Every structure is written in structure tokens, then in C-alpha cells.
Amino acid sequence: MVKRAMQTAQFKINFISTLSDVTRAVADLKPDLFIHDWGAQNESQARQFHIKFGQSTSAIDLGRIILVPEVTPVFLAFASDAMVERFQSYSSVPLTLANEITMMLESREASELQKFLRETKLNSYRYNQKDIDQRVEALFVRYPHDPKVKLEFANLQLRQGHLGRALSLSQELLNREPMNLRALNLLARTRMKMGDWDDALQSLSRANSLSPQNPSRLMMIGDALFGKGDMESALTHYQQAMNLDADLVKDAGRQVGLIKLHQGELEEAVMFFKSTVSEDEAAGFFNNAAVQAARLERYEDALKLYQSALQTLKTDRLKPLIYYNIALSHSRLKAVDEAIKAVKTVLHHDTHHAKALSLLEKLKGQKAS
């Protein structure tokens, strides 16, 4: 059916048999359109492919149509989630497919937003964020009622911290398009910025029920649960995100490490941080937690956290800072000998560390008295 409809409209067709061949085929053939038969693959595999593909530069100039037995509200929601242009039923292929494709390709070619996205994503090295933001603002002035332009502008409002405006725009989009899951995600992210964790989770749960297995949204649900304080549920969602998308291992692993740190499971936290974040960031997490414990006069806990920070280090650069804090904690526990030992370690790495030199003199005085 597809072949006949497309040949009638004088389109050239190339068939591929698996989703794993799509990226190579797009690079080799440079097509205008990708038509996918939803029933040809496992549904979970198809969902993951389109969500991932929609985020890639390969999809910018490529129209996507998915053929299904029947177009349902769930499919319409997924189209928004994965940035697919449309779903079309098998029965309508002979009647409308060619005409709809022609109109779709013409509208994409004429779309100012499409041109903007193409330029910024394919040539992003030529632009700084200020330039991009100014172009989004200019597009919104010209096309304030275009849903896609409005969504880009609403995301800009969120990035700039104009939370009330972002909330209002996302709600306007949802009033017009209740299945616009990208707008629903934006609404949830805005509420999270406001600290409205329950409202954010309500929006995310609705989006997840309409279009499950979106790894990025599972990350967002994890973040909202983390913010709310439900650590175990957050861990579950981060793990689900990592299982679906290996590219999220770093971000999800960072969050899992923070939860393990919060729960006092220091060795597990060290393991996650070592594999997912930089030396500076990992050491910073433990150091900040230790400083907070020290402020609460929980010096034994602080020492454990400082020792965990040392385990994450691959170089000596941050050791003076951490050993100096260790020395302070020992000092406040009246463990003068241990404090002096830690200070000397600081000075081994940085002979001119002014605070360490001063603390050493103070500790020697305490010991002498």
C-alpha cells in the first residue's frame, strides 16, 4: 500500500528491515521522510527508538510518519513525546498518505522554527546561548500562536527563571492540546523549580501513563521524588531510566550517589560517584556533607565523610582542602595528635598553606600546655 501510494506521487522509496539500520540509511540516502510500520517491531523497542531518535540531529530535517492499525489518543500523546509528525492508520494509506506527506514536507520547508532549529542544532558551534535566546524571542513576537514556537519560548522562560510565565504558557498549550506531552513535561519542570513536588509528580504520572518508558521522564520523576524526600521510589525510577538508556547512566548515577550519601551508605556513594562524576564534583559532595555535619557538631560523622571524599580523588589537587577540614574536626574532638598529623599532610602537599600553618601553631600550643 505504501509503495503504490508513494509511487503514484512520484516519491522514490528505499526499504529497510530493522530500526538499527535507520541512522545509517539516513546518513547514506539523506531522505526527506521516514515511514515506520509500528507493527514491524516490538512496541517497547519502537518506543525507545523514536524517543531517542527524536533527540538526535539526524531527525531535524527528517519527517516521520508511523503507520498503525488505528490512531488512538495514546498514539497522539506518543507523537508529541517523541516529536513524530503524525500517526496514520493503515486504512487511510491509499487515500491520503501521499497528499499528507506532500503538505507536511512543504510546511517543514517553509517553517521559520524548523529553519531555526536546523541552524542552531546542526551549526551550534557558531552560536552562543544569548544569540539563540534572542532568536527564540524574535520568533515568538512573530508567531505567538504557533504551538511549537510557544513551547520553545516557554522553555526559554523557564531557563531564565520566569517561572510564572513558563507555567502560564505551558497551561495555555495544554488547554489547546491536552495530549501535548512536551508541554506537560515543561509544566512539571516548572513546578519542580517552584518546589511543588506533588503537583509536578501528578503531571509526570499523567504523561507517563500516556507514553510510558520515556527514560528522560523517568529521570524527572526520580528528581521530583528526590525533592519530595521519597528516596527509595526515586532510586527505582533512576534505575529504570538507566536500564532503558545507557546515555543516562552518568546523570542517573550521580543522583543515585547523592541518595546513597544522604542515606549514609558511603561506600556505595563512592562507587557511583567514581563512575559518573568528576573528581571535583564527587569530592565536593562529600566535603559539603561533612562541613554540614561539622556545623552540627557531628565531628565523627564529618570525619567519615571526609575519608569518603578522599576515596574519590584521583589526583592530589584537592587533598590539602580535605585534610585541612579533617584536621579541624580532630581538633574539635580534642584529638590533638590526629589533628597535627592531618595538618602535616596538608603541608606535605602545600608547604605555604596559610590556614594549615596557623592551625599547626595553635595545635602545638595546645599540646605543650
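Summing -39500 (n - 2.57) over the DSSP H runs of n ≥ 4 in the chain and dividing by its residue number, what mean residue ellipticity at 222 nm do you reach, to the nearest 500 deg cm²/dmol?
Numbers: 20 runs with 260 residues, N = 369.
So the calculated ellipticity at 222 nm is -22500 deg cm²/dmol.
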Given a Förster distance of 22 Å, the FRET efficiency implied by the Cβ-Cβ spacing of Asn42 and Gln239, rounded to the nearest 0.05, works out to 0.55
Among His162, His237, Ala59, the residue whose Cα sits farthest towards the positive end of the charge dipole of the chain (+1 at Cβ of Lys and Arg, -1 at Cβ of Asp and Glu, taken about the Cα centre) is His162
tail above 24 Å in the computed P(r) of the range 1-140, as % of all Cα-Cα pairs, reads 35 percent
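Dipole magnitude of the range 1-144 about its Cα centre, charges +1 at Lys/Arg Cβ and -1 at Asp/Glu Cβ only, in debye to the nearest 20? Can you show the working numbers first?
Working: 17 positive and 17 negative charges, 55 e Å.
That gives the range 1-144 a dipole magnitude of about 260 debye.
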Computed over the chain: longest principal axis from alpha-carbon atoms vs helix 336-349 long axis, angle to nearest 10 degrees, is 60 degrees
Quick calc, Lys193 & Glu70: beta-carbon distance into FRET formula, R0 51 Å, rounding 0.05, result 0.85
Most packed first (mean Cβ within 10 Å per residue), the peptides 99-110, 181-192 order as 181-192, 99-110
Longest principal axis of the chain (C-alpha) makes with the long axis of helix 266-276 (C-alpha) an angle, in degrees to the nearest 10, of 50 degrees
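Under a point-charge model restricted to the Cβ atoms of Lys and Arg (+1) and Asp and Glu (-1), what is the dipole moment magnitude of the range 182-276 relative to its Cα centre, in debye to the nearest 20? Can you show the working numbers first?
Details: 11 positive and 12 negative charges, 76 e Å.
Rounded to the nearest 20 debye, it is 360 debye.
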Simple SL model, points at 7 angstrom along Cα→Cβ for Glu267 and Gln202; separation in nm is 4.4 nm
Residues meeting the amide H criterion for Arg64 (H placed from the backbone, H to H distance under 5 Å, 5 or more places apart or on another chain) are Phe34, Glu85, Arg86
Inter-part gap, Cα centre of the range 171-198 to Cα centre of the range 348-369, in whole angstrom, is 55 Å
Stretched fully, the stretch from Leu117 through Asp28 gains (0.36 nm per residue minus C-alpha distance, one decimal, in nm) 29.8 nm
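Heavy atoms only, probe 1.4 Å: what % of the accessible area of the range 1-112 goes to carbon and sulfur, would you let me know? Can you show the working numbers first?
On the way: 3230 of 6030 Å².
Carbon plus sulfur share of accessible area: 54 percent.
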Ignoring ligands and nucleic acids, Asp251 exposes an accessible area, probe 1.4 Å, in Å² to the nearest 10, of 80 Å²
By the mean-Cβ-within-10 Å protection proxy, highest first, 323-333, 259-269 rank as 323-333, 259-269
In the range 1-158, taking the dipole from +1 charges on Lys and Arg beta carbons and -1 charges on Asp and Glu beta carbons about the Cα centre, the listed residue (Gln134, Ser91, Thr72) farthest towards the positive end is Gln134
Taking 0.36 nm per residue of separation between Thr8 and Asn128 and subtracting their Cα-Cα distance, the length gained on full extension comes to 38.7 nm
For the chain, the longest principal axis of the Cα atoms and the Cα long axis of helix 147-159 enclose an angle in degrees, to the nearest 10, of 10 degrees
Once all protein chains are kept in place, Arg165 shows an accessible area at probe 1.4 Å, nearest 10 Å², of 100 Å²
About its Cα centre, the range 4-52 carries a charge dipole, from +1 on Lys and Arg Cβ atoms and -1 on Asp and Glu Cβ atoms, whose size in debye to the nearest 20 is 80 debye
Carbon/sulfur accessible area of the range 258-303, % of total, 1.4 Å probe, equals 49 percent
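The values are calculated or read from the model by the stated rules, or taken from the named source; none is laboratory data. Being a predicted model, the structure only gives us computed values, none of them experimental. No Cβ is skipped: glycine too gets one built from the backbone with ideal geometry, and neighbour counts run over all protein chains shown. To get the accessible areas, we keep the full protein, side chains included, count just its heavy atoms, and leave off ligands, DNA and RNA. Shrake-Rupley method; radii C 1.70, N 1.55, O 1.52, S 1.80 Å.
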